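Input: a single structure, listed below in structure tokens.
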Amino acid sequence: MTAPHLTSRRTLLGQAALVAAALGAGSAASQPRFSSAAPTTDDVEATLEAMPLAERVARLFVVPVAGTALTAPEASWLRMAKPGGVLLVGSNIGTPNEAAALIAEILTTNPALPPLIAVDQEGGLVSRLPGDPAPSAPELGLLAPAAIAAFARARAEFLARWGISANFAPVADIAWDGDSFMAGRAFGSDPNRVAEDVAAYVKGAAGTGVVHGAKHFPGHGRGSTDSHLALPRVDLSLAEWGQTDGVPFAAAVEAGVEMVMLGHLLYPEWDDLPTSLSPVAVEVLREELGFTGVVVTDDLGMAALSDFGPFETVDLAVAAGVDLLLYAMPPVEPGALLDHLVGQVRSGAVAPERIDESVRRVLMMGLG
């Protein structure tokens, strides 16, 4: 793909002013569909206590559906399994009425604890829903933080009106040069400026009822390898990372981002495992950056993980401390993945407390 055309700074600033004026005037866009109020600890514990093991395990999975409407088998399985979320991609988005009907039907498969409805709506190259009021990250990177925040809020409220409750954005990767795989998706090439932009985006989207996930931790901006096709290698020590690629992720955490997405990347100076399956990467995120929110993987069906079997991938992700296992292209039926993890808990290979730890984080984020 080619990089998107960059709108002039003057044009974008004019658009940002219009967005800010609309928000300040109390437009319909400023009224999100979902409440931003988080559940209390007592609410979460009561909900968790009432959930059987299979439902607790299912809350760790975000799964796809095939088309613009649920098939009868899909609807039946969603009602039975009660997964934590459903990921919508471009092929799921038909007309506005079709999309609204699909989202409504997904939500009704578990009225008591509706699934997360998630998308990747970065703007520009990676967009799922038409009519996005905000431009791409490279275009936003031309603007001041206040304008970025206004556009981030406008996009989040746009998604809320569709019924979306989570967006895997912003991209916190640094596009170090024009050959970077993230060149058309990142805010820019300067770590400190990207950090400022990411923080502005996170703060702008806060309180809209749509939770956000900074990605692709610990950084996918070095090199041209596409992790959809192969496993990128990044030769970077933890100390070097903390001064460069880690700076925008630290800023996202400090700004209060609710989720961080792990990329499929090999950081050999950290671990032999891909970062999406690495306890070291999760420890860095938790201990070095102080992140207490939800850790989600990138799509676990991507070719970057082709050296690992589908059930091995589940085991490694759970052992690493991941909270949400994301699938856009599952290598086997999602039901088999859930059944496998239930079996691992019942056999004693995975402690039930480990599952509960992640379910608590997901519920506290308000995804339930």
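The table that follows gives values for the structure above.
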read-out: Residue selected from the range 82-135 under the condition assigned to a loop (DSSP other than H, G, I, E, B) and of a type in the set (Val, Ile, Thr), by the criterion modelled with the lowest pLDDT; value: Thr95
read-out: Residues of the range 56-78 classified as of a type in the set (D, E, K, R), in contact (Cβ under 8 Å) with a residue 40 or more places away in the chain and part of a helix (DSSP H, G or I), total; value: 1
read-out: Selected residue (criterion: farthest from Ala281 (Cα to Cα)) from residues of the range 194-242 that are touching a residue at least 60 places away in the same chain (Cβ under 8 Å) and among the hydroxyl-bearing types (Ser, Thr, Tyr); value: Thr208
read-out: Residue match in the range 265-282 (condition: closer than 20 Å to Gly188 by Cβ, acidic (Asp, Glu) and free of Cβ contacts under 8 Å to residues at least 12 places away in the same chain); value: no
read-out: When residues of the range 341-364 are limited to those that are of a type in the set (A, V, I, L, M) and touching a residue at least 40 places away in the same chain (Cβ under 8 Å), the one farthest from Ala46 (Cα to Cα); value: Leu341
read-out: Residues that are part of a loop (DSSP other than H, G, I, E, B), more than 22 Å from the chain's Cα centre (by Cα) and buried (at least 19 other Cβ atoms within 10 Å of the Cβ), drawn from the range 321-361; value: Val350
read-out: Single condition Ala16 does not satisfy, out of (1) modelled with pLDDT of 90 or more; (2) crowded, with 17+ Cβ neighbours inside 10 Å; (3) not aromatic (Phe, Trp, Tyr); value: (1)
read-out: Sole residue being at negative phi, in contact (Cβ under 8 Å) with a residue 60 or more places away in the chain and in contact with a Phe, Trp or Tyr (Cβ under 8 Å, 6 or more places away or on another chain), chosen from Leu316, Leu338; value: Leu338
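The values are calculated or read from the model by the stated rules, or taken from the named source; none is laboratory data. Given the structure is predicted, the values throughout are model-derived calculations rather than measurements. FYI the Cβ positions are ideal-geometry reconstructions off the backbone, even for glycines, and counts take in every protein chain you see.
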